[in-house]
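Notes follow the structure.
The values are calculated or read from the model by the stated rules, or taken from the named source; none is laboratory data. Computed from a predicted structure; not experimentally measured. Every residue, glycine as well, gets a Cβ built from its backbone with ideal geometry; the counts of neighbours run over all protein chains shown.
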Amino acid sequence: MRRNGVLAAVLVVGCGGDGSTEDQILNPVRDSYDTWLKVEPPGVVCGDGSQYKMFVNYSDKSDNLVVVFEPGGACWDYDSCAGRNGIRGAANPNGLEDNHWELGPFISPFLSRFDEDNPSREWNMVYMPYCTGDVHTGAKTITYSGGGTDPDLEFHHDGHAVVMKAVSWIDENFTNVPKLLSTGCSAGGVGSLVNYRFLRNGIRSVKKGYLLDDSGPVFPSSGYSKPLHSMIRAAWNLDSLKSDMPEGFTLDDMGSINTTLADEFPNDRLAQTFFRRDFNFSLYSYERFYNFPPKEEILRMWNADIDLLVKQYATRDNLHYFIPYYRNINDSHCSTVFTMSGSNIEQRDMTLSKWVNDFVNDEAIENMIEDPVPGEDIH
């Protein structure tokens, strides 16, 4: 839907009939094409209980829509949710500022109107910030004990409720969506995958859907990711969501999300991209569950899980992957963070930006995984 006129003058506008507020926020460019609006879906909160905020940028050139889920780790105990003892935790534990939208185009090229590699640069854009510590998918409020030395911490792992409110708002406000792209990196990549069904079915005007999960793979649970899957299943109360998941999905094998989505949406295109030398998501996946092994052992487990995923993807024609070897940015984590530049598969003379543009534009693509490149990631 093109919201001509709405962006120009109003400061506060009622949205739909659910009580949401939509505040106009002008960036320094100050034109109506590149304007971000804050949306506060009622009744959903960040981890600390503060109001959740999402951000929308309308296009006057296209009715297509991209939904980008923000990255930012995960948490499931006091140390990780409070950021104690240097434990890797989750983003925005203290809520979201009104100018949080500024991070979107910086983190994700899919939210930039000025990146020529971005296939969605002329689309409508929805930016889903991350502040619930549960890869945008939990359903549990819990009080983590400070152990007597720190105050107890109440944390709202309410990612699922946030997404469902957001989907309802998007459905009311976008009445014609020829193409929908769900994407994000890291925790946002997982969010783009596990919430794809809710976006696809909840936004009723979508004609065709596309998923690009960047560096948030849900591997088959038969591999090394099983302890992580078992832990988050309990920590975020994922069993409560089972009835909302695709037919055939089982929490005993969380990787079944890949094939069940492919079966439910056979005409959509669903893809993964990540690096074989990703030393960030792999740490989250294995470090605390396998007694903090050294880097090469972690990456050995990571590549064993990649092998399982590649074999799984070979069973469906609409599952695709682009897996380069290494990029010296962000511990080789996230193929699309900041830029797609450098996330190439040189042996196939293929850039990620070309592959992604072909993917979204329904051109022919090939599944690709890069062989080890001697001299890269030698540390």
Here is a check on your reading of the model: is Pro105 farther than 30 Å from Met231 by Cα and surrounded by fewer than 24 Cβ atoms within 10 Å (Cβ to Cβ)? yes
Please enumerate the residues belonging to the stretch 285-300 that are within 25 Å of Asp79 (Cα to Cα) and either in contact with a helix residue (DSSP H, G or I) (Cβ under 6 Å, 6 or more places away or on another chain) or assigned to a helix (DSSP H, G or I) (or both). Ser285, Tyr286, Phe289, Lys295, Glu297, Ile298, Leu299
Check the stretch 292-301 and report whether any residue there is out of contact with any Leu (no Cβ under 7 Å at 6 or more places or on another chain) and surrounded by 18 or more Cβ atoms within 10 Å (Cβ to Cβ). yes
Val310 - would you say it is under 13 Å from Asn367 (Cβ atoms) and either touching a residue at least 24 places away in the same chain (Cβ under 8 Å) or outside any helix (DSSP H, G or I) (or both)? yes
Please enumerate the residues belonging to the stretch 41-68 that are part of a strand (DSSP E or B) and either touching a Phe, Trp or Tyr at 6+ places or on another chain (Cβ under 7 Å) or within 20 Å of Arg204 (Cα to Cα) (or both). Val45, Met54, Phe55, Val56, Asn57, Leu65, Val66, Val67, Val68
Selected residue (criterion: nearest to Leu283 (Cα to Cα)) from residues of the stretch 207-241 that are surrounded by 16 or more Cβ atoms within 10 Å (Cβ to Cβ) and acidic (Asp, Glu): Asp214
Selected residue [in a loop (DSSP other than H, G, I, E, B) and among the hydrophobic types (A, V, I, L, M, F, W, C)] from Cys81, Cys75: Cys75
How many residues does the stretch 348-379 contain that are in contact with a helix residue (DSSP H, G or I) (Cβ under 6 Å, 6 or more places away or on another chain) and either in a loop (DSSP other than H, G, I, E, B) or loosely packed, with under 12 Cβ neighbours inside 10 Å (or both)? 1
In the stretch 330-347, what count of residues is obtained for those that are within 25 Å of Arg121 (Cβ to Cβ) and either surrounded by fewer than 21 Cβ atoms within 10 Å (Cβ to Cβ) or of a type in the set (Phe, Trp, Tyr) (or both)? 6
Within the stretch 79-101, is there a residue that is at pLDDT 75 or above, surrounded by 16 or more Cβ atoms within 10 Å (Cβ to Cβ) and on the phi > 0 side of the Ramachandran plot? yes
Return only the number of the condition from (1) in contact with a strand residue (DSSP E or B) (Cβ under 8 Å, 6 or more places away or on another chain); (2) free of Cβ contacts under 8 Å to residues at least 40 places away in the same chain; (3) polar (S, T, N, Q) that Gln51 does not satisfy. (2)
Which one is modelled with the highest pLDDT among residues in the stretch 28-40 that are out of contact with any Phe, Trp or Tyr (no Cβ under 8 Å at 6 or more places or on another chain) and not aliphatic (A, V, I, L, M)? Asp34
Residue check, Ser282 against (1) surrounded by 22 or more Cβ atoms within 10 Å (Cβ to Cβ); (2) under 29 Å from Tyr78 (Cβ atoms); (3) touching a residue at least 24 places away in the same chain (Cβ under 8 Å), all met but one. Which one? (3)
Any residue at all in the stretch 146-154 that is within 20 Å of the chain's Cα centre (by Cα), more than 26 Å from Thr336 (Cβ to Cβ) and of a type outside the set (Asp, Glu)? no
Going through the stretch 242-258 in order, the residues found to be in a helix (DSSP H, G or I) and either crowded, with 20+ Cβ neighbours inside 10 Å or touching an Asp or Glu at 6+ places or on another chain (Cβ under 8 Å) (or both) are Ile257, Asn258
